[in-house]
Amino acid sequence: MGAFSKETGWPHGPVKDTDPVFELEKKVPEQDAFPVTRVSVAITEFAQKLNVMSFIVFPPLVYGRGTGPYKKLSVQVPGLIRAFIAQKMVYKFDYEGRWPAAHISDVVDYYLLLIGLIIQGKPPQSGEKGYYFVATHYLSWWEISEGLAKSLHARSLVKEPIPAVWPSVELAEKALGFPSPYVQVAFSSSPQGIADKKYAIGWEPKWNAPDFFKVIDDEVQSVLDLDIARASIADFFAKENVGELKE
């Protein structure tokens with residue numbers, strides 16, 4: 001969902017997945033377009049050439065422990081937890097952003113509904129109209145850091161129970177494994193995508209923002225219990241790929 005934020009150069013403001021997203025993406029000058037924007041346009045156009053259906057699903061900030069056999073942790077919240085433990089301090093950026101979010105179980109339900117409609121021969125809109133935003137509520141980055149600070153401090157994993165502002169973008173880049181501007185996009189931006197198609201496919205999510213903060217301790221425990229290799233996007237942005245970063 002980060003592609004639809006001012007931090008990525010999105011010029012059109014708030015956008016619903018019922019809007020002509022494909023046409024809006026094509027209007028973004030290529031030199032200004034976020035990589036995700038260019039990729040989704042390319043996929044849609046290539047599918048048209050092949051005369052096959054395409055569905056572009058934009059996931060939100062995903063939280064909760066996965067139940068599959070391999071990858072059980074998402075990217076953003078576990079990434080913050082790892083960084084804060086390594087730094088022994090909880091940080092936040094100097095401006096507050098809000099990300100669309102959803103629990104992993106609700107995200108899975110969304111995909112199952114979408115796939116089920118396709119298998120039943122009742123596919124929802126596809127191609128240029130096949131854009132889908134997955135989100136049930138919004139989470140504040142500052143409130144996430146505040147909740148993690150309390151949880152991590154209670155475990156004696158960080159020095160202070162309240163967040164500090166990142167001393168520099170460079171430190172945030174190194175700690176979180178993302179170069180600028182992607183680190184700001186992933187951990188402080190405010191995507192403006194609005195999920196409206198969820199009603200058309202019959203999605204009935206069960207989790208909301210207060211539920212996230214009720215289980216924020218579980219987010220920390222999941223990282224401590226299950227932490228494995230970082231998500232592939234973080235691996236791609238690891239310092240060996242982007243050069244040494246100075247603290």
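Listed here are the residues, each with its yes/no results for (1) of a type in the set (S, T, Y); (2) touching a Cys at 6+ places or on another chain (Cβ under 7 Å); (3) surrounded by fewer than 21 Cβ atoms within 10 Å (Cβ to Cβ).
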position: Q125; (1), (2), (3): no, no, yes
position: Y131; (1), (2), (3): yes, no, no
position: V134; (1), (2), (3): no, no, no
position: S140; (1), (2), (3): yes, no, yes
position: E146; (1), (2), (3): no, no, yes
position: L157; (1), (2), (3): no, no, yes
position: L176; (1), (2), (3): no, no, no
position: Y182; (1), (2), (3): yes, no, no
position: S188; (1), (2), (3): yes, no, no
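I'd like to verify a number: residues in the stretch 31-75 that are hydrophobic (A, V, I, L, M, F, W, C) and in a helix (DSSP H, G or I), how many? Explain how you work it out, then say what you get.
As a first pass, look at the stretch 31-75 and keep what is hydrophobic (A, V, I, L, M, F, W, C): 33-34, 36, 39, 41-43, 46-47, 50, 52-53, 55-58, 61-62, 73, 75.
Filter once more, keeping what is in a helix (DSSP H, G or I): 36, 39, 41-43, 46-47, 50.
Number satisfying all stated conditions: 8.
Every residue, every condition in (1) within 19 Å of the chain's Cα centre (by Cα); (2) at pLDDT below 95; (3) within 24 Å of T37 (Cβ to Cβ), yes or no:
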| site | (1), (2), (3) |
| --- | --- |
| E170 | no, no, no |
| P181 | yes, yes, yes |
| D227 | yes, yes, no |
| N241 | no, yes, yes |
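For beta carbons closer than 8 Å, sequence separation of 6+ or different chains, a first residue in the stretch 26-41 that is closer than 18 Å to S126 by Cα and a second that is loosely packed, with under 14 Cβ neighbours inside 10 Å, the qualifying pairs are R38/E30.
The values are calculated or read from the model by the stated rules, or taken from the named source; none is laboratory data. The structure displayed is predicted, hence computed values, not measured ones. All Cβ positions, glycine included, derive from the backbone under ideal geometry; neighbour counts span all protein chains shown.
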